[in-house]
1. Go through (1) open to solvent by less than 10 Å² (accessible area, probe 1.4 Å); (2) touching a helix residue (DSSP H, G or I) at 6+ places or on another chain (Cβ under 8 Å); (3) within 14 Å of chain B (Cβ to nearest Cβ) for A:Ala256 and report which single condition fails.
2. Restricting the search to the range A:424-460, which residues are out of contact with any Ser or Thr (no Cβ under 8 Å at 6 or more places or on another chain), within 8 Å of chain B (Cβ to nearest Cβ) and not in a helix (DSSP H, G or I)?
3. Taking A:Gly185 as meeting all but one of (1) small (Gly, Ala, Ser); (2) more than 7 Å from chain B (Cβ to nearest Cβ); (3) open to solvent by 10 Å² or more (accessible area, probe 1.4 Å), write down the number of the exception.
4. Would the range A:188-198 turn up any residue that is under 15 Å from the mean Cα position of the chain (by Cα) and within 30 Å of B:Leu378 (Cα to Cα)?
5. Name the one entry in A:Gly141, A:Gly165 that is within 30 Å of B:Phe127 (Cβ to Cβ), out of contact with any Lys or Arg (no Cβ under 6 Å at 6 or more places or on another chain) and modelled with pLDDT of 95 or more.
6. As an exercise: evaluate B:Ala220 against (1) closer than 27 Å to B:Lys423 by Cβ; (2) away from chain A (no Cβ under 14 Å) and give the number of the one condition it does not meet.
7. Return the residues of the range B:142-152 that are more than 13 Å from B:Gly418 (Cβ to Cβ) and open to solvent by less than 10 Å² (accessible area, probe 1.4 Å); say none if nothing qualifies.
8. Can you tell me which residue in the range A:110-141 is surrounded by the most Cβ atoms within 10 Å (Cβ to Cβ), limited to those that are under 20 Å from the mean Cα position of the chain (by Cα) and basic (Lys, Arg)?
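The values are calculated or read from the model by the stated rules, or taken from the named source; none is laboratory data. Please read these numbers as outputs of a predicted model, since none were measured by experiment. As a convention, Cβ positions derive from the backbone with ideal geometry for all residues, glycine included, and neighbour counts pool all protein chains shown. For the accessible areas, the whole protein counts, side chains as well, though only heavy atoms, and no ligand, DNA or RNA atoms are used. Shrake-Rupley method; radii C 1.70, N 1.55, O 1.52, S 1.80 Å.
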Number of protein chains: 2
Amino acid sequence: MLSERALAAFRSALGAERVFDDAATRALYAQDETPRHVEPDAVLFPTSHNDVVALVRVASEHRIGLTPRGAGSGNVGGALPSPGSVVVSFECMRRVLDFDPDNRLIVVEPGVVTEEIDRIARGAGLFYPPDPGSGAYCRIGGNLAMNAAGPRAIKYGVTRDFVLGLRGVTGSGQEIRTGCRTTKGVTGYDLTRLLVGSEGTLALITEATLKLLPAPQAVATLRVCFASNRAALDAVSRVMHQDVTPCALEFMDHRAIDAIRPTGAANDLPPGTRALLMVEADGAIQDLPRQIAALEKSLVGDGLLDMRSGFTRDDITLLWTARKSLSQAVKQIAPLKINEDVVVPVSQLADFVDFIDHTAAAQRLAVVSFGHAGNGNLHVNLMVHPDDEDEMARAHIALEALMRRVLELGGTLSGEHGIGTEKRRFVPLEIDPATLDIMRAIKQQFDPHGLLNPGKLFPD
Amino acid sequence: MLSERALAAFRSALGAERVFDDAATRALYAQDETPRHVEPDAVLFPTSHNDVVALVRVASEHRIGLTPRGAGSGNVGGALPSPGSVVVSFECMRRVLDFDPDNRLIVVEPGVVTEEIDRIARGAGLFYPPDPGSGAYCRIGGNLAMNAAGPRAIKYGVTRDFVLGLRGVTGSGQEIRTGCRTTKGVTGYDLTRLLVGSEGTLALITEATLKLLPAPQAVATLRVCFASNRAALDAVSRVMHQDVTPCALEFMDHRAIDAIRPTGAANDLPPGTRALLMVEADGAIQDLPRQIAALEKSLVGDGLLDMRSGFTRDDITLLWTARKSLSQAVKQIAPLKINEDVVVPVSQLADFVDFIDHTAAAQRLAVVSFGHAGNGNLHVNLMVHPDDEDEMARAHIALEALMRRVLELGGTLSGEHGIGTEKRRFVPLEIDPATLDIMRAIKQQFDPHGLLNPGKLFPD
C-alpha cells in the first residue's frame, strides 16, 4: 500500500479532493475490458498539465508506478493497474484548448471523448477520421496511447496520422513538447509518433494537437452476402485492386453470422449466406453513385449471393443491422471473449481465415471472426468459459498457433488494440532482440525509474 | 586522414573495389546542393545490407564518422561530409527487393531513385505519392532521411506516411527491423517514424517497405493569376475551407513572377499579375469536372485577374510553364540561393509574406518566395553574392528574423528539407532544452560513439 507520506505528497500536489484511496474507488478503477482485476493503491484525478507534472514528480520521488487511464475501454490491459501502482485517470482533463478550423486543427486534453472531437469538427464542416468502435465513450488519450483506429482507417489512416504535436510529461517529471501545429514539419526527431502507440510507457500525454479533414458530404453503403469466407475475401482483394478506396470494408465470417441468427438480425440475409461484407464510400453527393458502381463491379464474382445498396440514413442503418448486432450476440456464446486484433497482408486473409477454422475445430473452440478486411485487420474472438480449465488451456494453444501463423504470413500481432499485458509474451515472436533492446533503451531515457505504466508492452 | 589500418579494414570488409580514397572521388563527394565543400577521407559503395553492417562495424572499431549519401541533392548539408568522416554512398544499392501490388507495397534499397518507385507502381495501376522536386534523380534513402515531400503532400501526405517498415544498421553495427508489411500495426514503439526524418543520425537504412495507393486516373490543372500576394493567399484560405482537397496548391509571389519575365515565361500572364497559384485536382476522369468547378468557385474573390483550366496533357504542360521556369530563372538574380523551406499555419501565410517583403526591403535583399501553400510551406530564397560580405551579413540578419517570425506565427523551421548543417543554430528557437535532451539521449542509444552523420540536426 501507498505510504502515508506518499499519499500526503499526492494530496499536497493535487489537492486532497483529487486523490482517492478508498476501497470503492480503488475497486472501480481495477480493470479495463480485459477480465483481469488488480486494485490500484490510489486513483488520482489531475485537472491540468501542471497537475500531471506535479503528480509525476511525487511518483518519481517516492518510486510509485503510475497507470494512466482514459475510459478503461481498452482490450489488452493497457489501463489495468500494475500491482502497487496508482491510477492516473484523465477523465477530468477534458477541455478543448483550441479549435482552429482555418488551419484544420484542434488542441485537446487527453480526457476528451473521441466522438466529441468529431462532433466539434463537423460543426465547421470538418471531421476527425479515426473511429474506434468505442468512439462514443473512449477518450482521446487512450486512442493516442494505443494508436487506435476503426473502419475508416482503410481510407483515412489511424490515430497516428492525425496527430500534429503533443505536450507530455516524462517519467522524471520533465515537460516535453513534440511536433508542431502545421501539416508539414521535419525539425528534430519525430517524438510525436514515438509517443503515439507507446501505451503510456514513455510519457503521460497532457495535450494533443490533432489534424482535421473536410467532412465528406455523404456516405453510401453496400451490404454484400457471400456463400463462403473465401468468396468474400476474394472480393476484398478485388476491391483493393481498383481505384475507389472505400471508407469501410468490413468482414463477418460464417460463425459471426451464426451468432446473430438467434437475434433475428440475420433474417433478411439470403439462405446460404456464410460471409458478409459491409462496404462504404464517402465523398461528394454527386460522386457517390460513381464510387458505388465501381465498388459493386469489383464485388461481383464467384459466390456472391446478394448485394444491396443504401444511400439514405434509414437504408444505411437497416443494412448495418446484422453487423451492429454482432457485439451483443457473441456475448451469448460464452461469458468470456478473448479478442485478438491481428493483421495479415490482405492477399493472405482467405488462407488465414481457413487456418482459424482448422484451429477452432482442432481445439474444439467457438471462434468468431470479423474486422477491417481492407487493412487485413481481423478481430478473432475466442469465446470461452473462464472456469473451464481445459477449454482455457485449449484456447491458449489456439492463440499461440494463431499468432505464429499471423507472423508466418507476414502480419503483425495487433492492428489497433495494442500489446498491454495481454500480448506481451508474443512480442519476441515479432520483434527481434536487438530492436527490442533499442526500444527498452529508449524507454529508459524517458522513464529511468520505470514508473510509467509498468508491466505493459514489453515482455518480461 | 584515414589510417592505413582503417582503410585496409574497410577494403577487407567491402572488397577493395568498393573503397575509394583517391583525390578525384573525394572531391566528387565533397558537397551536396549547399555551397559548402568538405572532402571526406574516403567514399564507400556498399552493395548490400550485409556490406552496411560490415562497414559500420569497421567504423565503430576505428571510431570513424560516416556521412550517408543518396544523390547529394539535399538543400541543408545533410550529405555534406563532416571533417574526417567517410561518405557511405548508397547509389549501388538500388534493387527493388519485392513489388507486391496485391498488398499495395514495394520493398526497395535506399539507392533506388524516387521516380523509379512511382514508375514501377504505375505499371500495376498504383502510385507512390511523395513527389519531391528532385524526384527524377534523388534517391529514396535521402527522402527517408529527410522525410521529403512535394506538391502532392497537401492531399496525400509526406514520405513518413508511406513507410510501413524499415531495415537498418545502428551506429554500433546492430541490425534492426522496424514496422511491418501491413497498413496497420501497433506492436512496440514506432521506430519506423523515429528513423524517418532522423537525417541518418540514428541508423543507416538498408531497406524500406513503402505503401502504394491506387493511381488517380487523371489530373486537371488551374493556373490562377492575382493582383497581389494577399489576394492569392486569401484564395488559398478559401480553398482550404471547402471540401475538395487539391493534389497541388502552389504559390509564386510577385518577385518570382518578376524573375521569370526575362525568360518569356510570364508573357501570357495578364498585366498586373503579382501572384500566381497553381491548383491541381486528381481522381476519376468523370469526377474531375466537379472537383475543378468547386475549386474554381473557391478561388474567385478580390484581386483575381485570370483563371485558366487544363484537362489534357498539353494544356496542363502549358499552364505549368511559368512555374517550371522559375528554378532556372532565379539563378540569374544572383549566384547563390539561400533556400529556406519554412512552414507557417495557412491562415498566417499572407502576413508572413508581408513580413518577408518588409525584411527584404529593410536588408536590401532580393528574396523570391514560392511553395506549397496548402501546407503553409514556403520556399523563401535569398539570392545573394557569396563574395559580398556586407550582403551576406544582411542575409544572415534577415534569415534570423524570418526564423523568429515563423516560430512566433506558430510555424516550424523546415517542412521538407530538414535541418542538416544549415539550420542547426536555429533548432533551439523551436525545440525546448528538455525535449532536445531527450532527442540527444535517443541518439546516444542508437549511436553511442556519435559516428552516424556527425555534425547534423543537433545544435552544437
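1. All conditions pass for A:Ala256, except number (3).
2. The answer is A:Asp432, and nothing else.
3. Against the list (1) small (Gly, Ala, Ser); (2) more than 7 Å from chain B (Cβ to nearest Cβ); (3) open to solvent by 10 Å² or more (accessible area, probe 1.4 Å), A:Gly185 comes up short only on (2).
4. yes
5. One residue alone meets the criteria, A:Gly165.
6. Of (1) closer than 27 Å to B:Lys423 by Cβ; (2) away from chain A (no Cβ under 14 Å), only one is false for B:Ala220: (1).
7. Within the range B:142-152, just B:Gly150 meets the criteria.
8. Once the filter is applied, the top-ranked residue is A:Arg139.
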